[in-house]
Every structure is written in C-alpha cells, then in structure tokens.
Amino acid sequence: MASRMRSAIVLDISCGRGCKGASLIFDCVIACVIIIVGLAAYSSLVANMPPELEQGLGKYATYVLTFLDSKGCLARLIEGRNSLAMQKTIGELIPDGMSYCLCVYSPYWELNWSFASQGFDWRNAAASSPYLVSSESNPEPYLVTLAISK
Amino acid sequence: MDQAFEAAIAFAIFVAAFSASQYTAITVYESSLKGLYEPKLESAACIVASEILLQNGKSSEKWSSWEPICQPGNYFSPHSGVELEIKATCYSIDPSGAVTKLWIKHGPPLAPLGRHAQKYVSGAVLDDGTFVRLEVYAKDG
C-alpha cells in the first residue's frame, strides 16, 4: 500500500504543470458527479413522497352522504346493493375526473361490503367521517364511509 | 499535440459533467418550486370557496340569485395575481334515489383555466333539501 502511494506521488511530481490541470479537471468532474447523484437522490425522494390527504375532499364526501341520507335514499342504496343505482346516484354528485369508494360496516366496524368505481386508488383518496345510517328493516345501524380519490 | 488532445478531451468531459449537473439542479429547483406553489393555489381556491359558502349559507334563495364573480379582488384571499374559475351545480334527489341537476352556474364561461389549475371542491345541503357542489379552480395569473 505504502509503495503504491509512493509511486503515485512520484508520478504526480514527474507529471508537471499539465498533469496538475488535468487532475483539477478530474476533481471537478468527480464533484459534478457527486452533485448529480445527490440531486437525483433528493428529487426521487421528493417525487416518491405520498401526497397529502385532502381535507376538503373528505368534507365534501361527508356532505354527499348527508344529502343522500336526507330522504332515506342512502339506506335504500345500501340495502339494495345495486351497483348501477349507486353509479347513477353517487357518480352524479362526485366531481368530474374523480373516483369513489363506498364502504359499509357493521356497528362493530366489520366490513359488510364495499363498492368502488373504476380508477379508485386509496393512495390518493380522502374519506368522509363515519356516517351512521339506520333503516326500518334492519334493527342495527350501518356505519358508512365514502372515500373520493383524484 | 498529445497534451493538447488530452486537455481537449478532459475539458469536453468537464463541460458534459458540468452541464448535466446544472440540468439536474434546475430540474430539482423547478420541482421544488412547483411543490411550494401548488398548496398556495389550493389555499387560494379554498379561501374563495369558503367565502362563497359563508355568504350564501344554506339559503336556497341566496344561491339561486347568486352569480359567480371571478375577480380575485372581491375575495379576502391574500394571494394576488391568481386567476379564478368558479363552478356551482345544484342537485335535487327524489325518494327513489334519482338525482336531478337543477342548475349550473359557471364563471367565467368562455375561459376555462385548464388542467394546470388547482381545484378545491366543497358542498352544502340547502334548506329546501337540495345540494350545491362548489368547485373553485385557481391558477397563477
């Protein structure tokens, strides 16, 4: 190891002025490569960060559930489990270009069933507060959440 | 001759590496600026939507006489130089679950802001049982 270092020093001394310039440029290239690697790592970290959940969309989903429940339609939709009716009703109220997922739970938070529209992605979704729905036919109420994704 | 050739190659390598680092730096700077700017536009849209919802409340009469005003100066939004687009849609629902669109108010009608605008969506259930969906788009002017 020591002999190698010595020969490198000897080489450096024997190189003269031209070699010093070349080694300076080489150092600059190494520095640039380090900058590129650092910036690329930082930008990939920033790009892969999960997007923040949108509180506004979650609130909007709660308003949609409140509206649907105003004439008892939500309970009928849940009991009917008719995906076509759901698409017509909920799909109309969701803003263009967005998808939704309706989840129905028992009072003990066991998932009874769920319905998701095409393109729904939980990673970009914001959900409503749990909404309590009761119906005449079922003595136990349902807990319903509506999630909207961009 | 050899030394000059070596120096030219070394300089070319340096220029290439330096340009690549500059390009990466500018790209990262742009993406971080975008990350700073998007929440600002979304907060501007949120302020405008909240103000409209506060003004009209749950009154169906106020909503039906309301017209969207898209000049940012009319709102308390602290962000100047923001272009606004406002769209409100009113729905009614019958007991069978059929949703009907009652009206749409859209302003400005001829200049949609496009997909680069940030959107904020809110809603309100009105006193007559109808529902208003309010969408506000904000874009850097």
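Pick from B:A45, B:A20, B:A88: which residue has the top mean-square fluctuation in a GNM of chain B where Cα pairs under 10 Å get a spring? Comparing B:A45, B:A20, B:A88 in the GNM, the peak value goes to B:A20. Sequence-ordered 3J(HN,Hα) estimates for the range B:94-102 from the Karplus curve with 6.51, -1.76 and 1.60 and θ = phi - 60° stand at 9, x, 7, x, 7, 9, 10, 7, 8 Hz, glycine and proline given as x. Accessible area of B:I52 (1.4 Å probe, protein heavy atoms only, ligands and nucleic acids ignored): about 0 Å². Can you give me the distance in nm between label points at B:A8 and A:D96, each placed 7 Å from the Cα along the Cα-to-Cβ direction? Here the answer is 5.9 nm between the modelled labels.
Above 23 angstrom, tally the Cα pairs of the range B:3-140 and express them as a % of all pairs, no decimals. I get 51 percent for the Cα pairs in the range B:3-140 exceeding 23 Å.
For the range A:126-137, 3J(HN,Hα) computed residue by residue from phi via the Karplus equation (6.51, -1.76, 1.60; θ = phi - 60°) reads 10, 10, 6, 5, x, 10, 8, 10, 10, 9, 6, 6 Hz, glycine and proline entered as x. Buried between A and B is an accessible area of approximately 2700 Å², summed over both sides with a 1.4 Å probe. Amide H contacts under 5 Å for A:Y100: A:S117, A:S149, restricted to partners 5 or more places along the chain or on a different chain, H placed in the peptide plane at 1.01 Å from N.
Angle of helix B:2-56 to the longest C-alpha principal axis of chain B, folded into 0 to 90 degrees and rounded to 10: 10°. Rounded to the nearest 0.05, what FRET efficiency is calculated for B:S59 and B:E30 with R0 set to 51 Å and r the Cβ-Cβ distance? For R0 = 51 Å, the calculated efficiency reads 0.70. Any idea how far apart B:K40 and A:F26 come out in nm if each label point goes 7 Å out from Cα toward Cβ? So the two model labels end up 4.6 nm from each other. In this structure the amide hydrogen of B:V82, modeled in the peptide plane, comes within under 5 Å of the amide hydrogens of B:G141, none closer than 5 places in sequence on its chain. Structure note, pairs B:K62/B:K101; A:K150/B:K101; A:K71/B:K139; A:K71/B:K119: Cα-Cα distances above 28 angstrom occur for A:K71/B:K139; A:K71/B:K119. Among B:Y75, B:Y91, B:Y29, the largest mean-square fluctuation in a Gaussian network model of chain B (Cα springs under 10 Å) belongs to B:Y29. The accessible area of A:R76, taken with all protein chains in place and a 1.4 Å probe, comes to roughly 120 Å².
Taking amide hydrogens as placed 1.01 Å from N in the peptide plane, the amide H of B:L102 sits under 5 Å from those of B:C90, B:Y91, B:S92, each at least 5 positions away in sequence or on another chain. Other residues with beta-carbon under 9 Å from the beta-carbon of B:A138 carry, at +1 per Lys or Arg and -1 per Asp or Glu, a net charge of -1.
The values are calculated or read from the model by the stated rules, or taken from the named source; none is laboratory data. None of the values given here were measured: they were computed from a predicted structure. With ideal geometry, Cβ positions are generated from the backbone for all residues, glycine too; neighbour counts draw on all protein chains shown. Keep in mind that these areas ignore ligands, DNA and RNA; they rest on the heavy atoms of the full protein, side chains included. Shrake-Rupley method; radii C 1.70, N 1.55, O 1.52, S 1.80 Å.
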